[in-house]
Every structure is written in C-alpha cells, then in structure tokens.
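*Asks:* First the structure, then my questions, so here it is.
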Amino acid sequence: MAYNRRRAGAEHEKMAGAYLEERGYRILEYNYRCKKGEIDIVAKDGEYLVFCEVKYRRGEEKGYPSQAVDVRKQRILSRCALYYLMEKGIADVPCRFDVAAILGKDVDLIKDAFQYRER
C-alpha cells in the first residue's frame, strides 16, 4: 500500500494532540484552515491560546523536524493565528507558538518556539 501523506499527517497530529493533553493542554481544534494557510492544532494551555505546528520525520536524514519550521513557515503560521483571532472575535488573550517535533515515535514539545512574525 502506498504511503499516504495526508493520513500519516493526521495520525501524527493526533499523536501530538494526545501528548499535549497529557501535559494539561485542552485541544480546541485540529487543522484550522483559512485563506492564509493552516494551523495543525489550536489549544489552550492555562491562560495561553497556543498555535501548535506538528512536524514529523522518520529519521534524522532530512534534519530534525523543528528545523522545517523556518521563517517562511513562521510567517504563514503568524498570519493564520491573526486570522483565527479576528474570525473568532478574540482579543486580549496571551498567545504562543509551540512546535511538536516528532522524530520516529518520540515527541519533543518546544514551547514558545518563535514569536509572531509580520515580515
């Protein structure tokens, strides 16, 4: 059977979601899509609204998963987060960008992985 990237992505997002829930996060939604792009997981962690990007690698041959969240990807996620806040009518809530880096079966959570990037 051929490797299905979309199904594999969904499986890794659920894996990351379970990992976050074990650490007290409350998942609000998976795969938030807007015209600016997509956010893998939107969650609450205490007072923070968290926008979490999930990156998976089978092995380290192509680099560590979090390295794939480059400046370009950070800009896309920032625009999506701003769109999410406007669409939901949310203001004055502290927000954070986390990255769930999955290497094989190991999850590494990087809290506050980057700041909002306008440019």
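The values are calculated or read from the model by the stated rules, or taken from the named source; none is laboratory data. All values derive from a computational prediction rather than experimental measurement. Areas reflect the complete protein model, heavy atoms only, side chains present, ligands, DNA and RNA absent. Shrake-Rupley method; radii C 1.70, N 1.55, O 1.52, S 1.80 Å.
*Asks:* Between the helical axis of 71-88 and the dominant principal axis of the chain, each derived from Cα atoms, what acute angle in degrees is found, rounded to the nearest 10?
*Replies:* The answer is roughly 50 degrees.
*Asks:* For the chain, what % of the accessible area comes from carbon and sulfur atoms, probe 1.4 Å?
*Replies:* 45 percent
*Asks:* Could you give the distance between the Cα centres of segment 75-94 and segment 1-55, to the whole Å?
*Replies:* When both Cα centres are located, 16 Å separates them.
*Asks:* Straight-line reach from Lys36: which aspartates and glutamates fall under 16 Å, measuring Cα to Cα and dropping same-chain residues less than 8 apart?
*Replies:* Answer for Lys36, where 16 Å is the Cα cut-off: Glu53, Glu87, Glu118, listed by chain and number.
*Asks:* On to the next question. Could you state the angle between the C-alpha long axis of helix 5-22 and the longest principal axis of the C-alpha atoms of the chain, as a value from 0 to 90 degrees rounded to the nearest 10?
*Replies:* Between helix and principal axis, roughly 60 degrees.
*Asks:* For semi-axes √(5λ) of the Cα gyration tensor in Å, the listed values are [x] 28, 13, 11; [y] 23, 16, 14; [z] 21, 19, 13; which was obtained by calculation from the structure presented?
*Replies:* [y]
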